[in-house]
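Novice: Could you have a look at this structure, given as structure tokens, before my questions?
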Amino acid sequence: MGFPKFLLGDNTDYPDAIFVIHTEFPRFIINLADDEVEWLEEFDKNDEKDLQEEAESLFQAANDFYDREIERYDE
């Protein structure tokens with residue numbers, strides 16, 4: 001059994017933050033409260049250009065994951 005693609009993160013030092021962790025390449029943590037992203041990978045200039053389109057899709061997937069998880073908590 002592997003790890004899920006997305007995980008929710010919580011930290012009492014950041015009570016208003018909504019952290020989603022992407023565990024596959026390119027790994028990142030996004031705070032959905034303000035869309036701040038912390039990349040856990042290092043990229044060169046060529047990678048950054050290719051990553052831009054993929055990143056938008058991954059950020060949307062992180063939002064969708066969060067929405068789905070919240071719906072499940074409410075059930």
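Novice: I'd like the full set of residues that are open to solvent by less than 100 Å² (accessible area, probe 1.4 Å) and either in contact with a Lys or Arg (Cβ under 6 Å, 6 or more places away or on another chain) or free of Cβ contacts under 8 Å to residues at least 24 places away in the same chain (or both), limited to the stretch 33-53.
Specialist: Of everything in the stretch 33-53, those that are open to solvent by less than 100 Å² (accessible area, probe 1.4 Å) and either in contact with a Lys or Arg (Cβ under 6 Å, 6 or more places away or on another chain) or free of Cβ contacts under 8 Å to residues at least 24 places away in the same chain (or both) turn out to be A33, D34, V37, W39, L40, E41, F43, D44, D47, E48.
Novice: So which of E48, E56, E75, E36 ends up being acidic (D, E) and under 19 Å from K5 (Cβ atoms)? Outline the logic, then answer.
Specialist: Details: E48 fails: under 19 Å from K5 (Cβ atoms); E75 fails: under 19 Å from K5 (Cβ atoms); E36 fails: under 19 Å from K5 (Cβ atoms).
Exactly one residue qualifies, and that residue is E56.
The values are calculated or read from the model by the stated rules, or taken from the named source; none is laboratory data. Since this is a predicted model, take the numbers as computed values, not measurements. Quick reminder, even Gly has a Cβ in these numbers, built from the backbone with ideal geometry, and neighbours come from all protein chains shown. The area values use the complete protein model at the heavy-atom level, side chains included, leaving out ligands, DNA and RNA. Shrake-Rupley method; radii C 1.70, N 1.55, O 1.52, S 1.80 Å.
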